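The values are calculated or read from the model by the stated rules, or taken from the named source; none is laboratory data. Just so it is clear, the model here is predicted, and its values are computed rather than measured. Because the Cβ atoms are built from the backbone with ideal geometry, glycine has one as well, and the counts that use them run over all protein chains shown. Surface areas here come from the heavy atoms of the whole protein model, side chains and all, with no ligands, DNA or RNA. Shrake-Rupley method; radii C 1.70, N 1.55, O 1.52, S 1.80 Å.
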Amino acid sequence: MGIVELQNVRKVYPLGKLQVEAVKGVSFCIEKGDFISIAGPSGSGKTTILNMIGLVDQPTSGEVLLDGKPTSSLKDAELTRLRHETLGFIFQSFNLIPVLNVWENIEFPLLLGKTRVGKDEKKEWIDHLIEEVGLSDWRKHKPNELSGGQRQRVAIARALVTRPQIVLADEPTANLDSATGEQILELMKKINRELETTFIFSTHDARIVDTADHIIRLRDGLVTENRRRDEDATAACASADASSGAAGA
Amino acid sequence: MKTLANIALRNLSRQKRRSILLGSAIAFGVMIVTLINGFAGAFSENVSENFSNLMAGHIFLSGSEKEAGGKELSVIRDDSALTAAVKASGAPVKYITRRSAFTGTLIFEGKKIRTNVDGADLEQETFLRERLLLKKGSWDAMTEAGALILSEKIAAKLNVEVGDRILVQMQTVTGQNNVGEFTLAGISYDAGIFGQMMSYANLAYVNELLGLKPGEYQTMGLMLDGLKHTEKSASDIYAGLSESVQLFTRGEKDENGAQTPFQALLKQQKKESWEGVRYRLFTINEVLSQVQQIVAALDTTAAVILVVLFVIIMVGITNTFRMVMFERIGEIGTMRALGVQRGGVRSMFLLEAVFLALGGAVVGILLALVAMSIISLINFGMNSPAFILMKNGHLSFYLPPLKAIGNILVIAALTLVAVASPAGKAAKLTPAEALRTSK
Ligand SMILES: Nc1ncnc2c1ncn2[C@@H]1O[C@H](COP(=O)(O)OP(=O)(O)O)[C@@H](O)[C@H]1O
Ligand SMILES: [Mg+2]
């Protein structure tokens, strides 16, 4: 069953008197645990699509399903809660909270929402993540004392701290030099394997696309290629339909 | 919420200069308002306390006697019922003063002046020596029967010196013209505008001039162990007295268009028909009801200043936080993406502003307290014209704690109003908009 499904999603932005159709009717299915790349040149609609999957933006028409559940009718508060519970975010410009240190930045999502984690358990988990991203010596440092690569590592740990099903990364390597970018991508891939977290990242860099299990190529708001492990993957989430049919029976 | 409060607090220190500037503006406003409140707070008490010293009491009892002809005499001939009631009431009376007084014309070498002369038993009223500082002459000379102490101002107007003999024209209690002679024993420092009017003579001689017998007098003053006991004790004593003597109704105001309760009492007395001896009880607060009006005016002024200053400061707060919102738009987007609800973003901004306001307000109050204690160190002397406003020659302040807390709350509330719009805008942003704008 697909963990993310887009059904004929369109997104139109008003631009003065004009309207920009950033996404022009896109459908695809993403499998749980995959490492997915959304590739395409600048302006092709990558960010718009990731924003809609990430529930920070809503489609003009069409439907985004997370774990088989439609999201278009949800209110802001419910969307926020769903983001907090099921999604992790990694941003191009790292987006750490400047007044919090490394440890506090990673802890931050755990302090939101209703569920409370035990103190020791929480500490152990954050320490583990810090070790995993290789920042054990930097836990008390503020973001402005870190390099770009280090900041993105903090962001990765923060994205994982709530144990989300899906992590979304919008051009996570675009602000990093290529060597650091590769390390970040490797780290994401490693975590993807270890924790079986679904990773969806966007990039306009052809070289890093190849590390993905599933590649969705965009051009001018349309999907031009949808390939999963060298197979065509343009079909809708078939098993999702089957399971929803089974649930209805 | 705790996390967001923590972030709000830390956010304040990001733009230190901006926060300090805004905080200082708030602190300054609060300081000014607090100083006025503090002055007003002590003003009423000081004036009343000083007056009770000059008038020799917090609570006063005076007697009125109806003569056969319907004429009223102001006299207390037998105060045993009064002292008994005072004692029975349990009021914290430090001492009792017995005085007679008249308003008459003092004449010296062709110069005339109308003034009030208080007859006091100086053997008993020893405290008067401490209160009334003499510029010239000495208290020892008051042992002479016709001795008189005048204020500096009156002495100057009459052009008299210590030892001079002064003629006095006045009326007895029954309204007959009488003439007497005083010897100037001392000249006192002017104790403010009211002190100028105070002239002191021996009770025995004033009685003689008024046509009263020795042992009789006109007004009994009860000096209490502090101003604060006045009203409670007055009611207790009044209640006790009403069982043994005839009394005038207390505190009926303005029926006759009189401005102060004291005047109202005087008019009321003329109107009522009664017989025998009646007593009147009044307090320093009734005499000084205008002081309360001044205090109210000061407090109103403080409130107006508070509002005007803070409307100006609020504009600053609104603009600053509009700027802050734009600076942090990316953070807002990030937090919203990570799961912070709209309300959380709003609270974060509101909290930041409230922390700033509270910090500023507390600093302002502390500064005001420091300023008050420095100002109150200055000794203006007992002969300062503003003596009546002061405590032992020092300006004093009293900041009612509720007023301070009230000011802080007003400022916190106004600040919340000032940031409501920027905070609301920040909360309204969709996370996608916020994330996009920051790039
Ligand atoms: N909020 C917006 N308002 C107007 N146009 C937008 C907005 N967001 C994106 N666009 C436009 O939509 C298109 C797709 O943008 P985007 O999804 O950011 O592409 P990418 O991330 O692939 O560079 C671009 O032409 C962009 O200018
Ligand atoms: Mg983009």
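Here's the yes/no breakdown for (1) touching a helix residue (DSSP H, G or I) at 6+ places or on another chain (Cβ under 6 Å); (2) not in a loop (DSSP other than H, G, I, E, B):
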residue	(1), (2)
B:37	yes, yes
B:44	yes, yes
B:62	no, yes
B:70	no, no
B:82	no, yes
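Does residue B:312 satisfy being farther than 17 Å from residue A:80 by Cβ, away from chain A (no Cβ under 14 Å) and among the aliphatic types (A, V, I, L, M)?
Against the criterion (farther than 17 Å from residue A:80 by Cβ, away from chain A (no Cβ under 14 Å) and among the aliphatic types (A, V, I, L, M)), residue B:312 qualifies.
Test of understanding: among A:14, A:41, A:70, which residue is within 16 Å of ligand 2 (Cβ to nearest atom), away from chain B (no Cβ under 11 Å) and exposed (fewer than 15 other Cβ atoms within 10 Å of the Cβ)? Let's see the steps before the verdict.
Numbers: A:14 fails: within 16 Å of ligand 2 (Cβ to nearest atom); A:70 fails: within 16 Å of ligand 2 (Cβ to nearest atom).
Selected residue: A:41, the only one of A:14, A:41, A:70 that is within 16 Å of ligand 2 (Cβ to nearest atom), away from chain B (no Cβ under 11 Å) and exposed (fewer than 15 other Cβ atoms within 10 Å of the Cβ).
Would you mind listing the strands (runs of 3 or more DSSP E) fully within segment A:14-120 where at least 1 residues are within 28 Å of residue B:346 (Cβ to Cβ), within 16 Å of ligand 1 (Cβ to nearest atom) and of a type in the set (A, V, I, L, M, F, W, C)?
Qualifying strands (runs of 3 or more DSSP E): A:61-66, A:87-90.
Since residue B:230 meets every condition but one in (1) of a type in the set (Val, Ile, Thr); (2) buried (at least 21 other Cβ atoms within 10 Å of the Cβ); (3) part of a strand (DSSP E or B), which condition does it not meet?
(3) is the only condition that residue B:230 fails.
Anything in segment A:44-67 that is touching a residue at least 60 places away in the same chain (Cβ under 8 Å), more than 10 Å from chain B (Cβ to nearest Cβ) and more than 12 Å from ligand 2 (Cβ to nearest atom)? List them, or say none.
Result: A:53, A:64, A:65, A:66, A:67.
Within segment A:166-177, count every residue that is over 11 Å from residue A:200 (Cβ atoms) and more than 16 Å from ligand 1 (Cβ to nearest atom).
Total satisfying the criteria: 2.
When the residues of segment B:1-19 are filtered to those that are facing another protein chain (nearest Cβ under 9 Å), without any contact (Cβ under 8 Å) to a residue 60 or more places away in the chain and in a helix (DSSP H, G or I), which remaining residue is most open to solvent (accessible area, probe 1.4 Å)?
Per the stated criteria, the residue is B:2.
Which residue, of A:75, A:119, A:114, is more than 12 Å from every other protein chain (Cβ to nearest Cβ) and either closer than 19 Å to residue B:433 by Cβ or modelled with pLDDT under 95 (or both)?
The unique qualifying residue is A:119.
Report every pair of residues separated by at least 6 positions or lying on different chains whose Cβ atoms are under 9 Å apart, first residue within segment B:20-33 and without any contact (Cβ under 8 Å) to a residue 12 or more places away in the chain, second among the β-branched types (Val, Ile, Thr).
From residues that are without any contact (Cβ under 8 Å) to a residue 12 or more places away in the chain, the pairs are B:21/B:320.
Any idea which of A:185, A:176, A:222, A:218 is under 16 Å from the mean Cα position of the chain (by Cα) and of a type outside the set (Lys, Arg)?
A:185
Listed here are the residues, each with its yes/no results for (1) assigned to a helix (DSSP H, G or I); (2) more than 14 Å from chain A (Cβ to nearest Cβ); (3) among the polar types (S, T, N, Q); (4) open to solvent by 30 Å² or more (accessible area, probe 1.4 Å).
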site: B:343; (1), (2), (3), (4): yes, no, no, yes
site: B:350; (1), (2), (3), (4): yes, yes, no, yes
site: B:355; (1), (2), (3), (4): yes, no, no, yes
site: B:369; (1), (2), (3), (4): yes, yes, no, yes
site: B:372; (1), (2), (3), (4): yes, yes, no, no
site: B:380; (1), (2), (3), (4): no, yes, no, yes
site: B:398; (1), (2), (3), (4): no, yes, no, yes
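Among the listed residues A:180, A:203, which satisfies the condition of being of a type in the set (S, T, N, Q), within 16 Å of ligand 1 (Cβ to nearest atom) and farther than 25 Å from residue B:14 by Cβ?
A:203
Give segment B:411-439 a look and list any residue that's under 17 Å from residue B:345 (Cβ atoms), within 10 Å of chain A (Cβ to nearest Cβ) and not in a helix (DSSP H, G or I), or say none.
Correct list: B:430, B:438.
Does segment B:206-226 hold any residues that are assigned to a helix (DSSP H, G or I) and open to solvent by 30 Å² or more (accessible area, probe 1.4 Å), and which are they?
B:208
With respect to residue B:336, is the statement that it is open to solvent by less than 10 Å² (accessible area, probe 1.4 Å), within 14 Å of chain A (Cβ to nearest Cβ) and more than 30 Å from residue B:300 (Cα to Cα) true?
yes
Does at least one position in segment A:217-226 carry a residue that is free of Cβ contacts under 8 Å to residues at least 12 places away in the same chain and either open to solvent by less than 60 Å² (accessible area, probe 1.4 Å) or aromatic (Phe, Trp, Tyr) (or both)?
Scanning segment A:217-226 turns up at least one residue that is free of Cβ contacts under 8 Å to residues at least 12 places away in the same chain and either open to solvent by less than 60 Å² (accessible area, probe 1.4 Å) or aromatic (Phe, Trp, Tyr) (or both).
Mind checking whether some residue in segment A:82-95 is surrounded by fewer than 19 Cβ atoms within 10 Å (Cβ to Cβ), more than 16 Å from ligand 2 (Cβ to nearest atom), over 20 Å from residue A:197 (Cβ atoms) and of a type in the set (A, V, I, L, M)?
Looking through segment A:82-95, none of the residues is surrounded by fewer than 19 Cβ atoms within 10 Å (Cβ to Cβ), more than 16 Å from ligand 2 (Cβ to nearest atom), over 20 Å from residue A:197 (Cβ atoms) and of a type in the set (A, V, I, L, M).
When you scan segment B:282-293, do you find a residue that is in contact (Cβ under 8 Å) with a residue 40 or more places away in the chain and more than 30 Å from residue B:224 (Cβ to Cβ), even just one?
No; the residues of segment B:282-293 include none that is in contact (Cβ under 8 Å) with a residue 40 or more places away in the chain and more than 30 Å from residue B:224 (Cβ to Cβ).
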